[in-house]
Amino acid sequence: MRKLLTALLALGLLATQHVAARRDAAPRDAAAVERRVEEILGRLTLEEKIDLIGGVDDFFVRGVERVGLPRLKMADGPAGVRNFGPATTMPAAVAMAATWDTELVGRVATEIARDARAKGVHFLLGPGVNIYRAPMNGRNFEYFGEDPFLVSRMAVAYVRGVQSQNVAATVKHYAANNSEFDRHNTDSVVDERTLREIYLPAFEAAVREADVAAVMDSYNLVNGVHASQHGRLNNEVAKREWGFGGIIMSDWNGTYDAVGAANGGLDLEMPSGKFMNRANLVPAVESGKVSRETIDDKVRRILRTAVRFGWLDREQTDPSIPRLNQQGRRVALEAARASVVLLKNDGGVLPLDRAKIKSVAVIGPVAYPAVPMGGGSGRVEPFAAVSILEGLSNALGTSVPVHYARGLPTLGEMAEATEFTTTATGGEAGVSAEYFANPDLRGEPAVARVEPRINFSRLARPFPQQSLSSRWTGYFDARAAGRYEVFAASTGEDAGFFRLRVDDRLVFDNWSESRALVQLATLDLAPGAHKIVLEQRGKHGRLGTRMQLGILRRGEMVSAEAKALAARSDVVVVAAGFDHTVESEGADRTFRLPVGQDELIGEVAAANRNAVVVVTSGGGYDTSEWLARAPALVQAWYPGQEGGTALAEILLGDVNPSGRLPVTFERRWEDNPAHPSYYPEPGTNRVVYREGVFVGYRGYERSNTRPLFAFGHGLSYATFRYGNLSIRPAANAAAPSPRRPLYEVSFDVTNAGARAGAEVAQVYVGDNHSPVPRPVKELKGFAKVFLRPGETRRVTVALDARSFSFYDAEAGRWRAVPGEFDIYVARSSAQVELRGKLRLTRSDVPAG
Ligand code: BGC
């Protein structure tokens with residue numbers, strides 16, 4: 001009996017670990033939901049309805065007590081519940097995608113939603129599903145990578161996880177929001193086929209497959225129209241074509257016109273009804289510019305969502321969920337382990353052998369403190385986070401000493417150490433600063449003074465409040481000829497506009513677009529004084545919250561302590577990469593690693609043959625200066641609060657790396673298919689997506705350009721073999737649904753290595769006979785397979801009509817052309833293991 005009880009208890013404990021859908025859901029009966037919605041709608045006045053479609057207090061929708069509608073609370077995702085205090089910080093979305101594990105991502109999302117329930121949050125503002133087009137986008141870490149199929153699978157898993165807890169997921173940012181520079185004004189010019197094949201599928205999947213509750217429109221314009229009033233995308237595509245019955249909300253301050261937005265499909269303006277308010281909409285309704293039905297439809301969508309998730313029938317706050325969520329913490333660790341990608345491992349330097357190493361050094365700006373997340377609204381504050389240094393030190397305990405050096409000064413220290421004089425010769429120490437009360441440096445400055453250096457941050461140095469633009473002029477004395485690194489750090493949008501001239505040559509031009517939060521350039525300077533002119537413009541109050549300028553001589557940046565430590569240690573882990581002050585929403589980042597890091601990695605790798613480079617970033621970066629010298633490279637992404645523990649386990653071989661790249665890493669930025677058209681056409685706001693559907697690996701394969709690391713790439717400590725490919729019609733192919741499986745691709749995967757591990761088998765489809773140019777191959781299925789040493793498993797991946805189709809823009813529909821298709825079973829887009837063919841017949845697909 002006791003045994004039975006113990007067993008039951010164990011089962012009970014297990015059950016709580018894997019949280020299934022909650023039981024506090026509201027009626028499933030659609031007709032009953034609609035009746036209730038109509039009943040409430042009928043009791044609301046026009047004014048009350050209009051009040052409902054504009055947010056309040058930054059993150060709320062007003063409640064109407066009289067009809068039982070509570071005030072609805074929102075909080076940012078996607079890697080945790082950002083607002084209302086600390087929360088479990090999961091790995092960033094790009095890291096979630098790197099797991100290629102939809103089941104795990106579903107559990108991550110479930111835990112995020114449990115944190116939301118603990119905080120009484122109704123709407124989680126995630127997932128972000130914008131496509132990775134270029135490594136510089138400051139928000140890449142918030143998204144799921146470059147491939148629409150992978151992004152869609154992640155989006156569906158995430159939305160289902162969140163909504164299983166009766167929290168509304170919000171898929172964002174709709175649409176074609178693929179950069180952060182000047183994000184309110186850029187116009188993404190994208191042809192219809194490219195929109196449908198690359199930029200919309202994840203939204204479509206979130207709506208059609210996962211029944212997502214809300215969609216957030218993006219800031220940018222799409223083909224000339226702001227997303228928040230884009231009738232075609234909102235009304236025709238999302239609502240009519242995909243049957244979206246939920247809420248389309250604006251991004252924060254991303255609404256531009258009351259009538260335009262009301263008629264253009266926006267249901268909820270956030271964070272306030274700046275446009276969609278009584279003053280604008282009551283007269284618009286009375287004059288017939290906006291119909292009553294249009295307003296009712298928006299309110300219905302809000303009410304429907306509230307009924308659907310049970311918000312009218314119970315408190316959203318679930319007091320049974322601890323705010324410091326241990327279950328979430330476990331999932332965060334599991335996800336971090338699964339997301340790390342081993343990019344390079346020459347000579348088997350990894351895993352480190354505990355028995356052989358006598359000393360480890362952890363060097364670099366990302367070693368400590370932990371860098372769990374990038375910056376902006378996607379940043380989450382964890383209760384506690386494990387840094388790479390702590391992770392390794394915890395894992396090795398007292399057996400092996402783990403030494404630490406930062407290796408580089410902070411940006412603030414670099415700016416503080418950069419000295420100027422007011423004139424080329426004989427001037428005083430410092431820079432001449434001029435502050436103007438207008439945004440374009442016009443006329444006499446309101447304040448003029450000499451300042452010691454250019455190093456403003458929120459706390460460091462006061463900034464004249466009335467200022468809208470400013471200029472600093474000074475002379476930098478290059479004591480010796482050589483290469484110098486110059487950086488300028490700003491706050492991004494609102495105050496991120498600056499330009500720098502060195503000896504009258506324009507070095508940084510961030511004047512109309514904030515190209516990088518922290519700009520970086522290498523200059524060859526002759527000895528002597530060099531004229532520096534830095535100009536900045538921005539909003540009241542925001543200007544001066546951060547403006548730092550530093551100039552540093554190459555060869556002098558890395559600390560002597562770090563170099564000595566690298567030379568005397570058995571192994572060095574270089575913790576490099578970006579952080580929330582360099583890679584963030586509101587601005588882009590550089591392709592190069594932050595200032596000094598190329599030199600740091602180069603110096604460490606020169607001093608120690610066993611240099612393992614671990615990079616924290618949302619995507620690709622320039623490795624050209626040091627990769628040949630570093631035997632191992634590990635991609636950490638932003639690994640969340642448990643990242644340090646997971647990385648240590650991987651470096652030490654306790655966990656076998658199983659992450660795979662959800663993006664292509666380019667050798668040079670110039671190689672990226674979006675390179676020629678990532679920035680607006682000169683003198684315009686138009687960003688023309690010239691590469692069309694050939695984004696990421698689709699583009700590299702088309703132009704025969706070898707990337708540095710291919711999409712899908714990732715090494716393991718095990719070795720996997722593939723065999724026995726078979727392609728046959730799907731067993732249940734009779735069911736008439738557009739997503740019904742047509743073919744099944746089956747093959748064996750064997751772990752031929754000595755360690756247990758997981759392989760990500762990828763299935764790509766190629767079409768050589770369609771009337772439009774198509775990529776060599778496109779991802780259409782994948783499976784993450786866990787295998788013990790020697791174990792073989794048969795994997796089956798289903799292909800449906802979409803797997804073979806392109807979007808026929810003229811006909812306005814998806815179309816698969818009967819004929820022969822290539823099937824590739826691959827370890828990455830560049831490493832095909834098995835090849836086959838299938839012949840699609842006319843009876844397989846609808847006539848066309
Ligand atoms: C971001 C959104 C976010 C919102 C609320 C905006 O700046 O673009 O993704 O959900 O702020 O924080």
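Values quoted throughout were computed directly from the atomic coordinates according to the rules given, and no laboratory measurement underlies them. Not measured: the values here are computed from a predicted model. So basically every Cβ, Gly included, is an ideal-geometry build from the backbone, and we count neighbours across all protein chains shown.
Packing here is the average count of other Cβ atoms within 10 Å per residue, and on that basis the peptides 379-391, 327-339, highest first, run 327-339, 379-391. With R₀ fixed at 41 Å, the C-beta to C-beta distance from Ala526 to Asn223 puts the FRET efficiency at about 0.25.
If you rank Trp511, Trp100 by fewest surrounding Cβ atoms within 10 Å, what's the result?
By the 10 Å Cβ count, ascending: Trp511, Trp100.
In terms of other Cβ atoms within 10 Å, Ser164, Ser805 run from fewest to most in the order Ser164, Ser805.
Using only Cα atoms, locate the centre of segment 483-553 and the centre of segment 736-794, then give the distance between them in Å, rounded to an integer. About 47 Å separates the Cα centre of segment 483-553 from the one of segment 736-794.
How much net charge surrounds Val776 when only the other residues with a Cβ under 12 Å from the Cβ of Val776 are counted, with Lys and Arg +1 and Asp and Glu -1?
0
A full extension of the chain between Ser843 and Glu65 corresponds to an added length of 274.4 nm, given 0.36 nm per residue minus the alpha carbon distance. Loop-located chymotrypsin sites (Phe, Trp or Tyr not before Pro) across segment 206-269 with a Cβ neighbour count of 12 or fewer within 10 Å are lacking, with loop assigned by DSSP.
Partners of Lys539 within straight-line reach, counting lysines whose Cα lies under 30 Å from its Cα and excluding those fewer than 8 residues away in the same chain: Lys73, Lys172, Lys274, Lys531. Percentage of Cα-Cα pair distances in the chain greater than 50 Å, rounded to whole percent? Here the tail beyond 50 Å accounts for 18 percent of pairs.
For the chain, the relative contact order is 14 percent, taking Cα pairs closer than 8 Å that sit 6 or more residues apart in sequence and dividing their mean separation by the residue count. Report note on the peptides 406-415, 226-235: ranked by the mean count of other C-beta atoms within 10 Å, highest first, their order is 226-235, 406-415. Here Leu312 and Arg793 are evaluated by their C-beta separation; at R0 = 41 Å the FRET efficiency comes out at 0.30.
By the beta-carbon count within 10 Å of each Cβ, the least crowded to most crowded order of Ser746, Ser716, Ser843, fewest first, is Ser843, Ser746, Ser716.
Using the Cβ atoms and a cut-off under 14 Å, what net charge is assigned to the surroundings of Val687, where Lys and Arg are +1 and Asp and Glu are -1? Neighbour charge sum, excluding Val687 itself: -3.
Note on Leu441/Arg668: beta-carbon distance plugged into 1/(1 + (r/R0)^6) with R0 of 35 Å gives a FRET efficiency of 0.50. Among the trypsin sites (Lys or Arg not before Pro) within segment 64-161, those in coil by DSSP and having at most 15 neighbouring Cβ atoms inside 10 Å are Arg71.
Can you check what the net charge comes to around Ser746, using other residues whose Cβ is under 12 Å from the Cβ of Ser746 (Lys, Arg +1; Asp, Glu -1)? Combined, the nearby Lys, Arg, Asp and Glu give +1. In a fully extended conformation the segment linking Ile357 and Glu810 would gain 156.7 nm over its present Cα-Cα distance, using 0.36 nm per residue.
Taking a straight Cα-Cα cut-off under 26 Å and skipping sequence neighbours fewer than 8 places away in the same chain, the lysines within cross-link reach of Lys358 are Lys344, Lys563. Highest mean first, the peptides 496-506, 662-672, 615-625 sorted by other C-beta atoms within 10 Å per residue fall in the order 615-625, 662-672, 496-506.
Straightening the chain between Asn185 and Lys289 buys 34.8 nm, computed as 0.36 nm per residue apart minus the Cα-Cα spacing. Each residue of segment 195-278 gets 86 Å³ once the volume of the Cα convex hull is shared out per residue.
Across segment 507-529, the residues whose backbone nitrogen lies under 18 Å from the label position 7 Å along the beta-carbon direction of Arg479 are 525-529.
Spatially, segment 630-651 and segment 303-375 are offset by 11 Å when compared through their Cα centroids. Projected label points at Ala279 and Gln831, each 7 Å from Cα along the beta carbon direction, are separated by 6.2 nanometres.
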